[in-house]
């Protein structure tokens, strides 16, 4: 049995555990502490930092293939691991496009893919050129960010100058993007294996509130078939052009002028949690199959002609989510609760719920059920949500 | 988060791991060795024997509730655990009916439930009385068995004498049962919680070869609706009368004179593996919900109007099942492989595969797909299966 090592001990690694159990692949996790979400449930946990090359090297030595729960491992470390003979999937040459947003935009633009108007923002003139007189404009940290923030909306040139000054003082380089007047956000999730096989999940709608994903509807209701195929083809094309091994999630804006690529992630993604119950093959199993170069599983919906709705559970002020299970489960025996074992903090993603509908079942009532369960589990939040 | 401890480290405990991850319940396993199926993937494993009271007591001390992967824990030990304050679910008063087949038959008969004609077989006269001139007759060890065998078919009184003599010499008490001329075998799986809530899964057909379950079809094709409801009601009634907490699987014969109860199991059961993909709530999650006294999940099929087929993968002569994944997965991206991580030995259950059909999809083609995958994974077996 091959050994898969995942760097990062968050909920994505935690949910990969179940997929590894079924496949019989040995699954190891490099976590920062034994209290991390995945460390609580994984048989083989190494405690160490994804920023330390010795920690990474030691971990990689016991694994046949290395993959990721997040994209924060320094590129130099990844290249050193590869040089030492580790199979790193996706590799550093692919991951840099998730670590450097400007590089990603440039590459996608060069591939002829539709992206928002963008430019490096060295000074306010750069920002004004992106604005073309139409404010607000989005400013983003090219890599990382500070104080947990990486995106700002500047409503004027003066505003932009201020953001640039603060970021500059912290050594954070920015880029500017037009604020896209989009109708809604979509996500296209695909997998690609070293053998070059690809698989595309149904395109979903994501609902974000304050920059946090709150809800995913699969497939995206009422999405025009041509646009859905275009989104899937775009994601498969990016996966191939960027040599992605494993999963690729492409976040998209649906706008009056068509689809625009927003963000990329090369790992299991929040927009794919619905696949655990809603698809023939969960994104977690699919990611393992891809990085192990096994044939990919069917990405088809589990219930043909039915919707699946996933709602994230955010932490409220009550620390014990488990006490709330009895109410949620009693009220709706068909809702599926996933808990990440993370300490509850207001606004933090601590779990999710999924509701799978029957063929032809109204998506509105499925959304109501998912929201009700997620909202009840969050009870006690000061924002009353 | 409550801590659930499962005694036994087999595949049932292994498959419970994934369910515990989702619920956020802490899951511990008492396994006989670190190489056991569940021990390979469970974060908290205690190595010890289910026959040792000190091992059991030490394990129980760290758990909020104790449950089981098998029914081989001595009743005295279970009573001692309860006396010491452990929550044992199901309890010894229920489990004794799975440990003593004669007691089970007597109890079910007293409840007015349909069972095969039976009697304790102290000597050949007892067996002949059960036969009523119609041989063969089934002889069963009342508890346990020897040399891995617990059931014999005696084709004559002379044959029965021989079985009785050998068993007697080993101190194994037997019972006799009429050999039921059944049409097929069914299984009714239900859950019951301490609060008294019950949930019944669709009744399935099981296909046994040489006493080993090879295939499960959910729901049982063409089963008359009244019989299906009768089977579910019977199982719920047994669960209640025997005070079962957790899952109860009732194996049944479908005969021209109606349903007859064959065996009982009070734990996740091979006839319920299909529920992982095929039902809204898997039997493993349901068992945890029941023993934790959480509201039970929906036992409804995941795909309304569709069949799910599960085929067991038996070991062949090739020790590496993993090498065969590539073929099985490439040939059928919709098949779901579950591997138990057990050493491959000819005829041993080492995994299973599941195929979930679309509404109205032909059950024959689903069975073909499941059998083909299971049979390919077994490749190399000397019996050519």
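The values are calculated or read from the model by the stated rules, or taken from the named source; none is laboratory data. Keep in mind it's a predicted model, so treat the numbers as computed, not measured. Backbone-built Cβ (ideal geometry, glycine too); neighbour counts: all protein chains shown.
Scanning the stretch B:12-50 for residues that are in contact with a helix residue (DSSP H, G or I) (Cβ under 8 Å, 6 or more places away or on another chain) and farther than 18 Å from residue A:22 by Cα yields B:24, B:25, B:26, B:28, B:30, B:31, B:46, B:48, B:49, B:50. Is it the case that some residue within the stretch A:285-305 is in a loop (DSSP other than H, G, I, E, B), over 30 Å from residue B:322 (Cβ atoms) and more than 11 Å from chain B (Cβ to nearest Cβ)? Scanning the stretch A:285-305 turns up no residue that is in a loop (DSSP other than H, G, I, E, B), over 30 Å from residue B:322 (Cβ atoms) and more than 11 Å from chain B (Cβ to nearest Cβ). Of all residues in the stretch A:346-364, those being more than 9 Å from chain B (Cβ to nearest Cβ) and more than 26 Å from the chain's Cα centre (by Cα) number 3. Assess whether residue B:332 counts as being farther than 15 Å from residue B:276 by Cβ, more than 22 Å from the chain's Cα centre (by Cα) and free of Cβ contacts under 8 Å to residues at least 12 places away in the same chain. It is false that residue B:332 is farther than 15 Å from residue B:276 by Cβ, more than 22 Å from the chain's Cα centre (by Cα) and free of Cβ contacts under 8 Å to residues at least 12 places away in the same chain.
Residue by residue, here is whether (1) assigned by TED's automatic domain parsing to the domain that holds residue B:212; (2) in contact with a helix residue (DSSP H, G or I) (Cβ under 8 Å, 6 or more places away or on another chain); (3) outside any loop (DSSP other than H, G, I, E, B) holds:
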{"residue": "B:320", "(1), (2), (3)": "yes, no, no"}
{"residue": "B:323", "(1), (2), (3)": "yes, no, yes"}
{"residue": "B:330", "(1), (2), (3)": "yes, no, yes"}
{"residue": "B:343", "(1), (2), (3)": "yes, no, no"}
{"residue": "B:351", "(1), (2), (3)": "yes, yes, yes"}
{"residue": "B:355", "(1), (2), (3)": "yes, yes, yes"}
{"residue": "B:361", "(1), (2), (3)": "yes, no, no"}
{"residue": "B:365", "(1), (2), (3)": "yes, no, yes"}
{"residue": "B:370", "(1), (2), (3)": "yes, no, yes"}
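Of all residues in the stretch A:182-201, those satisfying the criterion of being in a loop (DSSP other than H, G, I, E, B) and over 20 Å from residue A:353 (Cα atoms) are A:182, A:183, A:193, A:194, A:195, A:196, A:197.
Return the total of residues in the stretch B:306-317 being surrounded by fewer than 24 Cβ atoms within 10 Å (Cβ to Cβ) and either touching a helix residue (DSSP H, G or I) at 6+ places or on another chain (Cβ under 6 Å) or within 14 Å of chain A (Cβ to nearest Cβ) (or both). Matching residues across the stretch B:306-317 total 2.
Quick check: anything in the stretch B:257-269 part of a helix (DSSP H, G or I) and more than 8 Å from chain A (Cβ to nearest Cβ)? Looking through the stretch B:257-269, none of the residues is part of a helix (DSSP H, G or I) and more than 8 Å from chain A (Cβ to nearest Cβ).
Would you confirm whether or not the stretch B:322-345 contains a residue that is surrounded by fewer than 23 Cβ atoms within 10 Å (Cβ to Cβ) and more than 14 Å from chain A (Cβ to nearest Cβ)? Checked against the condition, which is being surrounded by fewer than 23 Cβ atoms within 10 Å (Cβ to Cβ) and more than 14 Å from chain A (Cβ to nearest Cβ), the stretch B:322-345 yields at least one hit. Among the residues of the stretch A:220-240, those that are buried (at least 20 other Cβ atoms within 10 Å of the Cβ) and either under 9 Å from residue A:203 (Cα atoms) or over 18 Å from the mean Cα position of the chain (by Cα) (or both) comprise A:220, A:231, A:232.
Of the strands (runs of 3 or more DSSP E) contained entirely in the stretch B:1-75, those carrying at least 2 residues that are free of Cβ contacts under 8 Å to residues at least 40 places away in the same chain fall at B:26-31, B:44-47.
Output the residues belonging to the stretch A:202-244 that are part of a loop (DSSP other than H, G, I, E, B), farther than 29 Å from residue A:89 by Cβ and without any contact (Cβ under 8 Å) to a residue 60 or more places away in the chain. Residues satisfying the conditions are A:210, A:222, A:223, A:224.
Kindly indicate whether residue B:243 is more than 29 Å from residue A:356 (Cα to Cα) and surrounded by fewer than 20 Cβ atoms within 10 Å (Cβ to Cβ). So residue B:243 passes the test.
Filtered by the rule that a residue be touching a helix residue (DSSP H, G or I) at 6+ places or on another chain (Cβ under 9 Å) and either surrounded by fewer than 19 Cβ atoms within 10 Å (Cβ to Cβ) or not in a helix (DSSP H, G or I) (or both), the stretch A:80-92 gives A:80, A:82, A:84, A:85, A:86, A:87, A:88, A:89, A:90, A:91, A:92. Only residues that are facing chain A (nearest Cβ under 8 Å) and touching a strand residue (DSSP E or B) at 6+ places or on another chain (Cβ under 8 Å) were counted in the stretch B:1-20, giving 5.
Among the residues making up the stretch B:306-318, those that are in contact with a strand residue (DSSP E or B) (Cβ under 7 Å, 6 or more places away or on another chain) and assigned to a loop (DSSP other than H, G, I, E, B) are B:306, B:307, B:315. Among the residues of the stretch B:267-275, is there at least one that is more than 30 Å from residue B:339 (Cβ to Cβ) and in contact with a strand residue (DSSP E or B) (Cβ under 7 Å, 6 or more places away or on another chain)? The answer is no, given that none of the residues of the stretch B:267-275 is more than 30 Å from residue B:339 (Cβ to Cβ) and in contact with a strand residue (DSSP E or B) (Cβ under 7 Å, 6 or more places away or on another chain). Taking the stretch B:34-70, which residues are away from every other protein chain (no Cβ under 14 Å) and out of contact with any strand residue (DSSP E or B) (no Cβ under 6 Å at 6 or more places or on another chain)? Answer for the stretch B:34-70, where residues must be away from every other protein chain (no Cβ under 14 Å) and out of contact with any strand residue (DSSP E or B) (no Cβ under 6 Å at 6 or more places or on another chain): B:49, B:51, B:52, B:53, B:54, B:55, B:56, B:57, B:58, B:61, B:62, B:70.
Table: residues versus (1) at pLDDT 95 or above; (2) in contact with a helix residue (DSSP H, G or I) (Cβ under 7 Å, 6 or more places away or on another chain); (3) buried (at least 18 other Cβ atoms within 10 Å of the Cβ).
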| position | (1), (2), (3) |
| --- | --- |
| B:104 | yes, yes, yes |
| B:158 | yes, no, no |
| B:161 | yes, yes, no |
| B:164 | yes, yes, yes |
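For residues that are modelled with pLDDT under 95 and within 14 Å of chain A (Cβ to nearest Cβ), tally how many sit in the stretch B:365-378.
So the count comes out to 2.
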